[in-house]
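The values are calculated or read from the model by the stated rules, or taken from the named source; none is laboratory data. Small disclaimer: the values here were computed from a predicted structure and weren't measured. Glycine also receives a Cβ, built like all others from the backbone with ideal geometry; neighbour counts cover every protein chain displayed. Remember, those area values only see protein heavy atoms, side chains included, never the ligands or the DNA or RNA. Shrake-Rupley method; radii C 1.70, N 1.55, O 1.52, S 1.80 Å.
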Amino acid sequence: MSGLAERLADLAGGAMMDEARVLGCGRLSREFVRVELSAEAFRKATWVPGAKLQIRPRRGSMSLRTYTPVSWDAARGVTELIAYTHGTGPAAHWFDSATEGRTCQVFGPRRSIDLGGVTGPVLFIGDESSVALACALCTVASDVSYVFEARDPGGLTDVLAQVGIGGRIAVTAKSADRTDLLAQARQGAVRTPFTLVVTGDAATVHAVRRDSRGWERKPLVVKGKAYWAEGRTGLD
Ligand SMILES: Cc1cc2nc3c(=O)[nH]c(=O)nc-3n(C[C@H](O)[C@H](O)[C@H](O)COP(=O)(O)OP(=O)(O)OC[C@H]3O[C@@H](n4cnc5c(N)ncnc54)[C@H](O)[C@@H]3O)c2cc1C
């Protein structure tokens, strides 16, 4: 990007986005970071569990990255994010180097998966990028069966325990054919009528949606969203 384009991106970011400050941050593991963000604008925001918040992780660029608030404290103007910092993308870098007092520009919260009206049993399927959504779901539903796929199942199991996700939970190793994941999903689809929430890898979301059409007990409602896709950056 040219110097002028970078300055224009910074001007646009300043005009369109809100300034947030890191109030606290800590590591759940080598690849997971929990960050508490505070902003004056958060006091006036209406948060629906499952909503998204976008951050601008790099100055000089308008490219945004999307995260899921775990909780929202409007009185204090504070929210919390949990990021899986795989790879070397701008957001992974931003979260890896987050320190107390650091600022960033944010946009949102805005609607994404709407967990607000979820009642009854939920079958939750996700991966490392879905941990924050699982936490947000805990604020509205208690009867949840979780199925996760992960590059490091042991590591993710430990992170889930730290954030209080437990009970009926299966963490499978990520595989190209998703055989284990789909088998666990079918086993979890027994408590009718249930809501299916599926997020994470676009290819997995697609495979689960397709497979669920053949389940003996089908979901009453499906809430699905791709959070990332192989070879693509910054899905919204
Ligand atoms: C609505 C929504 C909510 C989301 N909430 C969260 C959240 O709460 N926590 C969270 O950690 N993520 C969340 N994500 C996913 C996150 O936005 C992406 O992982 C994002 O691409 C990370 O940005 P980056 O700059 O680190 O990497 P990018 O520059 O976007 O991508 C770099 C490379 O990494 C790959 N990649 C991206 N994400 C993953 C992944 N998870 N696993 C493996 N490879 C990946 C890409 O395909 C690309 O090749 C959410 C996404 C959406 C759309």
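For segment 120-165, taking the residues that are of a type in the set (D, E, K, R) and open to solvent by less than 40 Å² (accessible area, probe 1.4 Å), the one that is farthest from Leu81 (Cα to Cα) is identified as Glu149. Residue pairs whose Cβ atoms lie under 7 Å apart, separated by 6 or more positions or on different chains, with the first residue in segment 159-182 and more than 20 Å from His206 (Cβ to Cβ) and hydroxyl-bearing (Ser, Thr, Tyr) and the second open to solvent by 30 Å² or more (accessible area, probe 1.4 Å) and in a loop (DSSP other than H, G, I, E, B), do not occur. For Ala91, the criteria (1) in a loop (DSSP other than H, G, I, E, B); (2) at pLDDT 95 or above hold in every case but one, which is (1). For segment 72-93, a tally of residues being in contact (Cβ under 8 Å) with a residue 12 or more places away in the chain and within 12 Å of the ligand (Cβ to nearest atom) returns 12.
Return the residue satisfying two criteria in turn: it lies in segment 94-113 and is assigned to a loop (DSSP other than H, G, I, E, B) and within 15 Å of the ligand (Cβ to nearest atom), and of such residues it is nearest to Ala41 (Cα to Cα). The residue in question is Arg111. The condition of being touching a strand residue (DSSP E or B) at 6+ places or on another chain (Cβ under 9 Å) and more than 24 Å from Ala141 (Cβ to Cβ) holds for only one of Ser38, Ser61, that being Ser38. The set of residues in segment 154-168 being at negative phi and within 18 Å of the chain's Cα centre (by Cα) consists of Gly155, Leu156, Thr157, Asp158, Val159, Leu160, Ala161, Gln162, Val163, Ile165, Gly166.
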